[in-house]
Every structure is written in structure tokens, then in C-alpha cells.
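The structure appears below as C-alpha cells.
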Amino acid sequence: MITTVLAFLLTLGVLVVVHEYGHYRVAVACNVKVLRFSVGFGRVVWSRRRGPDQTEFVLSALPLGGYVRMLDEREGAVSPNELDRAFNNRPLWQRVAVVAAGPLANLGLAVLLYAAANWIGIEEPKALISTPAAQSAAQRAGLQSGDWVRAWSSDGAEWQDVDSMSDLRWTLTQAALQGERVSLSVSDRNGHRPRTVQVDLSGLDARDVDADLMRRIGLGAPYSEPVLGDVKAGGPASTAGLQAGDRVASVDDREINDAALLRDMIKAAVKGDAGVAMRWVVERAGENVSVTVTPRVIPAGGSGPTANVGRIDAYVGKPAEMVLVRHGPIDGLLQGVTRTWNMASLTVRMLGRMVIGEASIKNLSGPLTIADYAGQSVQQGLSYYLAFLALVSVSLGVLNLLPLPMLDGGHLMYYLFEGVTGRPVPERWLDRLQRGGIAVLLVMMSVALFNDVARLLGLH
């Protein structure tokens, strides 16, 4: 819990400081007088004055954002000798630059963070797939348990390497959202028997980027051998005589190729509130041993057939095979630029689809989800946390560029109007737009917080 809170505060602190520093540096470069640089809102808990303009740098009590306050006639009296340094009196292009600098600083930070993660390297599961879900796009394409996806292509001519399972998930998720077909170059686990398959994702209704979308695509957990790990004393597996190291060959006369299939069969071995006996054949010390396993039943929080699931109280499956994904200085930086662009594009597309009803508002996340993922990524290692920080930085940059009053993008729209008409937006319209912008932002924040709570309660 403490790790999660600290990671969340560090994430917010870094992103807010970078965002506001972008505004600050460009304002100073444009000779705008900056009165205050604040991290957080509300009561000031620490302050210092620095620089020739004696800018006040402060930390405030509520660390959920920040702001840069500049000299401006609209916010108070300005002495005649400083009129030319007031923000509202600077040329239009300078005001645009100052406002755009914050979001662009977040996007630039994301590039560097992704690049740093690429340079350090990330241990990720190898792109070995488990048994595709029934009726999924991967199953229809002919993908099988243990297939190693080596490369992908959107046109069958230009191919790109697949570095890991997360790389494959990212590729297929984007293709699903765009309704495209993707060609995959695959082999068996040892790199033999290469072949090409085409995964048709054009028919998927990709409203949510969630576990259900992955199931319909056909990507479950990475391939894992069907070998038992720790067996809990007194549990169904122990009672049946199963032991750590047992390799499951078949269940109810069905061959078991990977741990994902075995886990699915265990979950499904329920009837009402009772477990269904399963006939297992396991390989142990070179011999086949037959046992009967009856899972215990636990509630899954669903309804109908998914209301309960089976458990055997044993770790099912060997750890997935891992690969170190690392790039050199130039390639890592280029990968950072590409990943930032792709994430920003995906974010804009998803927001647009939510507006027109083609994507679910369940995709909106708030501070609770960010805090949860921050804590998880810190525990996984520096590279994972840097990649997570980059993702949130992209989201913050894109969000602030939305053409909504109260956001940087809203101010840029005002300046676009001024540039086209030669006059600023009338004050009466500014007031109305500001109120409307506040209402929209409150709705978005409420929906995001509701989604956070729903996820924590298992309702999404």
C-alpha cells in the first residue's frame, strides 16, 4: 500500500513538474514575467523566490496538478513599465507557444522515458501463444498452442519483428481497433516449420480494450508448459495425490498442450455449487499416473455459467519463457518516438470513438487505476516503471491538447479563432465556454472515478 501511494505521488510529481516547466521555460524565453510556479493546489506548504523576476516556486497541499501564474492584465493591475511583459500583450505566436509547451513537454518526456526503458531493457514473455480461445480470430487463422510469432505485416510485403508477447498484443490490439487483417510469420517453439497465417480482425467490435477483446482476438496468457508447481496441503490437488513437477498429459481424454487450456478446464469443471470430477493422466518420473481431481468451487462474481469457477489449490504451469528486449542508443530513441506517436494516436482515436459511441466509456481510467498500476510497475523494476510513466505522460499530453475550455487545447482554440478573425474571443463567450468546460471535465472525472471503483469491485 505504501509503495503504491509513493509511486503514485512520484508519478504525479514528475509529470506535473515537467508539464508546468514546459510552460515556464517558454514563457521566460518569450519575456513573459512569471509570478508563480506551483506544484499542487490549495494551501502553500513550502515556497521560495528565485530568479531576476523573483518568481515564487511553491509546493501546495493538494498534489493533483499544478499551474504557472503569469503577469496578465486580465487577472490584476499591471504597472505601466511591465505592460509589454504581460502574457495577454505578447504576440499571438508567443502565446500559442507558451500554452502548447506544457503538453509538448509531456510528449517529449514520454519519448525519453520509452527510450530509457529500451536502453535498459525489459524482461518480457516470449511471443509464444497458448491455445487460442474457441471461435477467436487467432483460432480461425489456424494458430496453435506453442506457436512462436516471429514477425507481422499489414500488407504481406513489409515485415516487422515481434520482440515479445507484449509487442504482439500491442500490434493485434491496434489492428483490432482499426478493423484490419494482419499477417503473422510463425514457427514452432524451437523455430522450425515456419509458416504464414492471416488473422482477420475486421469483424471484431472493439469497443473496449480489455480482457474480452484479448479473448476474441485469441491471445490469452503466454505459452506455459502444463506442469504443476506448488501444491497446497489439504486442497483438491493434494487430496487427489498430485505432486509438484507432475506434467499433465490429458484431462477427460483430451490432450493438454499448455497450462492455459488446463486452467480453463479447471475453472469450467463446476456444476452449480459443486465441482465436477475430472480424470487426469499425469507424467511422473517417466510413468503415466491416473488420478481423479474434483475442484472446489468459488464465486467468480459473474452470473449464469460464470457465477462460479473451479480451483484445485495448486500452481498450474511453468513460468513463461522470458526474453530481454533491449535496443541500442539510436534504435531505442527511434522506438521511443514511434511508441509515443502510436500511443498518442491510439488515445485520440479511442477518445473520438467514445464521443461518437463506437467505444465504451469504460476505457476511461482515473487516479485509482493509475495508482494501482504505478505500484505494480515499481515492483516489477525500473524499466517497467519508466514505460508506465511514459504511458501516463502521453495520456496527460493528449488530454491537455483536447479542445476543451480549462485545458491547454481550449486556449489554443481561442488563439485559432483570434488568428482567423483578427480579434480575441468576446469575454461573454469566454465565461460561457469556461463554465461548459468545467462541466465536461467534471463529468469525465466522475466517469473515470466510477470506472476505477467498478474495477476494484470486479464489476468491469
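Derivation of every value follows stated rules applied to the coordinates shown; laboratory data play no part. If you're wondering where the values come from, they're calculated on a predicted model, not measured in any experiment. Because the Cβ atoms are built from the backbone with ideal geometry, glycine has one as well, and the counts that use them run over all protein chains shown.
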Just to check I understand the Karplus step: with θ = phi - 60° and J = 6.51 cos²θ - 1.76 cosθ + 1.60, what whole-Hz values come out for the stretch 101-109, glycine and proline as x?
4, x, x, 5, 5, 5, 5, x, 4
Dipole size in debye (nearest 20) for the stretch 228-307 around its Cα centre, Lys and Arg Cβ +1, Asp and Glu Cβ -1?
240 debye
The exposure ranking of Glu321, Glu124, fewest beta-carbon neighbours within 10 Å first, is Glu321, Glu124
Please determine, in degrees from 0 to 90 and to the nearest 10, the orientation of helix 382-400 with respect to the longest principal axis defined by the Cα atoms of the chain, where the helix direction is its Cα long axis.
50 degrees
Pick out, in residue order, every one of the GluC sites (Glu not before Pro) in the stretch 49-140 that is DSSP loop and has at most 15 other C-beta atoms within 10 Å; say none if there are none.
none
Student exercise: in the chain, how many lysine pairs 8 or more apart or on different chains have Cα atoms under 28 Å apart?
7
Over all directions, what mean area does the Cα convex hull of the stretch 228-307 project, stated in square nanometres?
5.4 nm²
In whole Å, how far is the Cα centre of the stretch 52-88 from that of the stretch 100-161?
44 Å
If amide hydrogens are placed 1.01 Å from N in the peptide plane, which non-local residues have theirs closer than 5 Å to the one on Val316?
Gly229
What dipole magnitude, in Debye to the nearest 20, does the chain give about its Cα centre under +1 on Lys/Arg Cβ and -1 on Asp/Glu Cβ?
860 debye
Any idea what the relative contact order of the stretch 228-307 is, in percent, if you count C-alpha pairs under 8 Å spaced at least 6 apart?
28 percent
With everything on Cα atoms, drop me the angle between helix 367-380 and the longest principal axis of the chain, reported from 0 to 90° to the nearest 10.
60 degrees
Along each of its three principal axes, how wide is the spread of alpha-carbon positions in the chain, in whole angstrom units, largest first?
93, 51, 40
Restricting to DSSP H runs of at least four residues, report the calculated mean residue ellipticity at 222 nm for the chain, -39500 (n - 2.57) per run over all residues, nearest 500 deg cm²/dmol.
-14500 deg cm²/dmol
Which whole-Hz couplings ³J(HN,Hα) result when phi for each residue of the stretch 113-126 is put into the Karplus expression 6.51 cos²θ - 1.76 cosθ + 1.60, θ = phi - 60°, listed in order with x for Gly and Pro?
5, 4, 4, 4, 4, 5, 5, 5, x, 10, 7, 10, x, 5
10 Å-binned pair-distance histogram of the stretch 137-217 (Cα, whole percent)
19, 56, 24, 2
Cut-off of 10 Å, at most 16 other beta carbons, DSSP loop: longest stretch of the chain lacking such trypsin sites (Lys or Arg not before Pro)
1-188
